[in-house]
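The values are calculated or read from the model by the stated rules, or taken from the named source; none is laboratory data. Fair warning: this is a prediction, and the values are worked out from it, not measured in the lab. Quick reminder, even Gly has a Cβ in these numbers, built from the backbone with ideal geometry, and neighbours come from all protein chains shown.
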């Protein structure tokens with residue numbers, strides 16, 4: 001025999017005020033991340049070609065990183081963190 005559910009059906013037993021979403025400020029803005037990444041690859045990779053080989057991306061992607069048009073996805077960022085941990089220490 002199961003017990004009766006003691007929670008209110010409206011929201012897991014909580015009031016409407018506690019059910020609202022929490023907004024957290026980002027640790028770094030997208031623009032700041034793009035600038036950081038462009039500086040990092042410029043310091044650590046001798047050329048755009050080397051950057052493309054090191055991170056297994058296309059030459060165009062490496063160019064976009066060098067020019068500050070975009071920053072990488074999480075897997076490439078983690079690769080950089082493993083290769084150059086001192087760049088990420090603060």
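Just a few scattered comments:
- Test: residue in segment 31-54 that is in contact with a helix residue (DSSP H, G or I) (Cβ under 8 Å, 6 or more places away or on another chain), part of a loop (DSSP other than H, G, I, E, B), surrounded by 10 or more Cβ atoms within 10 Å (Cβ to Cβ) and without any contact (Cβ under 8 Å) to a residue 24 or more places away in the chain: yes
- Among the residues of segment 55-73, those identified as assigned to a loop (DSSP other than H, G, I, E, B) and either in contact with a strand residue (DSSP E or B) (Cβ under 7 Å, 6 or more places away or on another chain) or closer than 13 Å to residue 34 by Cα (or both) are 67, 68, 69, 70, 71, 72, 73.
- Segment 18-30 residues that are in a helix (DSSP H, G or I), paired with ones that are surrounded by 10 or more Cβ atoms within 10 Å (Cβ to Cβ) and at pLDDT 70 or above (beta carbon under 8 Å, 6 or more apart): 30/71
- Any chance residue 22 is within 23 Å of the chain's Cα centre (by Cα) and modelled with pLDDT of 85 or more: no
- Given (1) farther than 22 Å from residue 85 by Cβ; (2) modelled with pLDDT under 95, index of the condition residue 28 fails: (1)
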